[in-house]
1. Among the listed residues VAL389, VAL330, identify the single one that is farther than 24 Å from LEU56 by Cβ, aliphatic (A, V, I, L, M) and surrounded by 17 or more Cβ atoms within 10 Å (Cβ to Cβ).
2. Please verify whether the stretch 63-84 includes one or more residues that are more than 23 Å from the chain's Cα centre (by Cα) and farther than 24 Å from LEU127 by Cβ.
3. Looking only at the stretch 194-213, count how many residues are outside any loop (DSSP other than H, G, I, E, B), in contact with a Pro (Cβ under 9 Å, 6 or more places away or on another chain) and in contact (Cβ under 8 Å) with a residue 40 or more places away in the chain.
4. Could you say whether any residue in the stretch 130-140 is closer than 24 Å to GLU48 by Cα and of a type in the set (Gly, Ala, Ser)?
5. Could you list, ordered by first residue, the pairs with Cβ atoms under 8 Å in which the first is in the stretch 146-163 and more than 17 Å from ARG133 (Cβ to Cβ) and the second is modelled with pLDDT under 95 and among the charged types (D, E, K, R), at least 6 apart or interchain?
6. For the condition open to solvent by less than 20 Å² (accessible area, probe 1.4 Å), without any contact (Cβ under 8 Å) to a residue 40 or more places away in the chain, within 11 Å of the ligand (Cβ to nearest atom) and more than 25 Å from TYR390 (Cα to Cα), what is the one hit in LEU255, LEU299, LEU232?
7. Checking the conditions here, which among ASP280, ASP216, ASP262 is in a loop (DSSP other than H, G, I, E, B) and either modelled with pLDDT under 95 or within 15 Å of the ligand (Cβ to nearest atom) (or both)?
8. What tally of residues in the stretch 164-187 results from selecting those that are free of Cβ contacts under 8 Å to residues at least 12 places away in the same chain and assigned to a helix (DSSP H, G or I)?
Amino acid sequence: MIRQLSLKDYEGVAGSALIDEIRSLGESLQGYNVRHINSTIIGGGVAEILSSLVPLMEDVGLTVNWEVLAGTTEFFHTTKLFHNGMHGQPVNITGEMLENYLAIAQKNQNLLDGDADLVVIHDQQPLGLTAFRGRTRGRWLWYCHVDPRYAVPEVWYFLAPMVATCDAAVFHLPEYARDLPVLQYFMPPAIDPLSDKNKEVSPADYEAVLEKLGVDPEGPPVILQVSRFDRLKDPAGVIEAFKLVRKNIACRLILAGGSADDDPEGATILEEVRSLAEGDPDITVLSLNPDANLEINVLQRRADVIVQKSLREGFGLTATEALWKGKPLVATPTGGLAYQVLNEETGLTARTVEEVALQVERLLVNPTLGRRLGAAGREHVRQRFILPVYLYNWLKLINLLNG
Ligand code: UDP
């Protein structure tokens, strides 16, 4: 969902010095045409970022298009296998699936119509479009939003030749660099502090949303994980950790998530999670609509401790959102989470179910610790992982690409 945004609205949160630098970087890029291509308009981290980045790039004077690849159920099943395989899970990909993947790219060639100076391919789904690079004159950039270090060979060696036809690849973190014959850049994503998901919420809205969701504004402390229902987010592990904590402290668990159009596994995992939580009055499993941004915002503000127990995580915007709200966060130090949760400084790290339980307990019995970590977490995010910083990094990258 593209919003109307103006860079000057971010001065309060980012400071005028950064806003001025962005404007001056943008001066040489007036009318520069960027075409972002991904595979869903709503749901998941990439859509979340593009919905804010695209209008701000335009506000700076660039001409920006956001195109969404039209896929089929079979295609998204295959690309979900790619996603899992990129994260190191064994996958069974057939020749027929690969043919179908390429056929969908062919059907989407029209997304390249127009005169882009820069085509940005987000993640694995639209990479097949590289076969039609000849239709365009501009540069191509592949933006990988996952942690590719553990990619299984059958996925990586299918995708890598397509990446090799691009001018550059962008990864979230330096350690994600791969053996590729293209320039590689590193740029973590960001949250939009002014979006419905992250803005301050009035008391009236806060109460109304909690009531709608059936969440008690009072009562025992709430532990929360917000994530797509995906095994890599380990919702089962979160439930186990919660049960350990509850043996010692009265508390409740909320698992909130929804689906993304390009993630066909979500419904199955949701059912698995529901059956694990069944009959437990202290566990609430919320299946949210993809546009439930205010709901997520309010849930994060209601939570006493937020957990992100991902087994793998490209960056982990849900953690960024939690820190931005000054909440104490317990997260596995995997992928981008390790850059956000600096142990004992901006949050607490934990790897196993038992460690998660222990750290959550520490925070529940010591709210002063939680407030200290939360405040430091918010400032950590403000300096590094908010939209104006991200836009600044993008403009620097475009200038670098242009030599
Ligand atoms: N999200 C959402 N609704 C949900 C689950 C997640 O809007 O039901 C959002 C979440 O708030 C975050 C993004 O989707 O902004 C997820 O990004 P993240 O990097 O945490 O994980 P990904 O889903 O990309 O693996």
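The values are calculated or read from the model by the stated rules, or taken from the named source; none is laboratory data. Nothing here was measured: the structure is a model prediction, and the numbers come from that model. No Cβ is skipped: glycine too gets one built from the backbone with ideal geometry, and neighbour counts run over all protein chains shown. Surface accessibility is based on the protein's heavy atoms, side chains included, excluding ligands, DNA and RNA. Shrake-Rupley method; radii C 1.70, N 1.55, O 1.52, S 1.80 Å.
1. Numbers: VAL389 fails: farther than 24 Å from LEU56 by Cβ.
Sole residue among the options that is farther than 24 Å from LEU56 by Cβ, aliphatic (A, V, I, L, M) and surrounded by 17 or more Cβ atoms within 10 Å (Cβ to Cβ): VAL330.
2. No, the stretch 63-84 contains no residue that is more than 23 Å from the chain's Cα centre (by Cα) and farther than 24 Å from LEU127 by Cβ.
3. Residues in the stretch 194-213 being outside any loop (DSSP other than H, G, I, E, B), in contact with a Pro (Cβ under 9 Å, 6 or more places away or on another chain) and in contact (Cβ under 8 Å) with a residue 40 or more places away in the chain: 2 in total.
4. No: the stretch 130-140 contains no residue that is closer than 24 Å to GLU48 by Cα and of a type in the set (Gly, Ala, Ser).
5. VAL146/ARG312; ASP147/ARG312; ASP147/GLU313; TYR150/ARG312
6. Numbers: LEU299 fails: without any contact (Cβ under 8 Å) to a residue 40 or more places away in the chain; LEU232 fails: without any contact (Cβ under 8 Å) to a residue 40 or more places away in the chain.
So the residue among LEU255, LEU299, LEU232 that is open to solvent by less than 20 Å² (accessible area, probe 1.4 Å), without any contact (Cβ under 8 Å) to a residue 40 or more places away in the chain, within 11 Å of the ligand (Cβ to nearest atom) and more than 25 Å from TYR390 (Cα to Cα) is LEU255.
7. ASP262
8. 0
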